[in-house]
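Okay, so here's the structure we're looking at.
Any read-out appearing in this document is the output of simple, stated calculations on the displayed coordinates, not a laboratory observation. For clarity, every value in this text was computed on a predicted model and none was experimentally measured. As a convention, Cβ positions derive from the backbone with ideal geometry for all residues, glycine included, and neighbour counts pool all protein chains shown.
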Amino acid sequence: MKAKVFLVCLVAAFATLGSTCVNENIQVPLNVALADSFKINPGSNLNYSGDTLIVMEDLVEEAFRQNITAARFYDIRVWVTGTYNGSVVGGVVTINNLPLLNYAGPWDSFKKPQSLLGKSPLITVSTPGYNELMRVLNQFPSNPKLTVLLASTGLLSGQSPVPAGLMVHYEILTQADADISP
């Protein structure tokens, strides 16, 4: 809301101070994160999974929802919380049931977010999920109520039983452009 108020004031100032440089809409980039976090159940089962259903427009402030003109992807990050003496040997993030990201490595390596933008060797993108993400982002401006199913599955290796307090977090970082009329 603060951003919209500031932009309206800025446009009003340009218009009332005799400025003629504002003739078109102002495009504002908005950070939009598709994210999920889930607990790994303690015990002898080394497999884990979690999912969430996201309505795309719920990720954008209501004042901008009707003005989205474009969206783009810029990073995916995966990290963990909790203490575990072992590794993630098979982690997969899916989007609409298509594999988007594979991640594997020592648990402690994931305590610091592993990022595609940071060129982490512990995560790799899968083409089917990447194509689905691009499809979703391309449809988002014309279909803001679009839903996305994000899920993650994985397998731990090492310490058993799995201790309590472990969590896996991931976020798909995107931006959406909103047009603000002067």
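Between the amide H of residue 111 and those of 80, distances stay under 5 Å, these residues lying 5 or more places away or on another chain, with hydrogens modeled in the peptide plane. The amide H of residue 70, built 1.01 Å from its N in the peptide plane, has 177 as neighbours under 5 Å, considering only residues 5 or more places off or on other chains. Overall dimensions of the range 29-177, expressed as equivalent-ellipsoid semi-axes from the Cα gyration tensor (√(5λ), whole Å, largest first), are 30, 14, 13. Between residue 138 and residue 177, the modelled labels are 1.6 nm apart [label points 7 Å from Cα along Cα→Cβ].
The simple spin-label model puts a point 7 Å past each Cα toward its Cβ; for residue 98 and residue 167 those points are separated by 3.0 nm. Aspartates and glutamates near residue 119 by alpha-carbon distance under 14 Å, same-chain residues fewer than 8 away left out - which ones? Result set, ordered by chain and number: 75. Among 84, 74, a tally of other beta-carbon atoms within 10 Å of each Cβ gives an order, fewest to most, of 74, 84.
Tell me the angle of helix 2-16 to the major Cα principal axis of the chain, expressed in degrees between 0 and 90 and rounded to the nearest ten. So the inclination is approximately 20 degrees. Relative to the longest principal axis of the Cα atoms of the chain, the long axis of helix 127-139 lies at roughly 30 degrees. Computed packing ranks the peptides 100-109, 47-56 as 100-109, 47-56, most packed first, by mean other Cβ atoms within 10 Å. A Gaussian network model of the chain, with springs between Cα atoms under 10 Å, assigns the largest mean-square fluctuation among 33, 63, 151 to 63. Where is the GNM fluctuation largest for the chain (alpha-carbon springs, 10 angstrom cutoff): 171, 132, 62? Maximum fluctuation in the GNM of the chain, among the listed residues, is at 62. For residue 27 and residue 125, a Förster radius of 25 Å and the Cβ-Cβ distance give a FRET efficiency of 0.35, rounded to the nearest 0.05.
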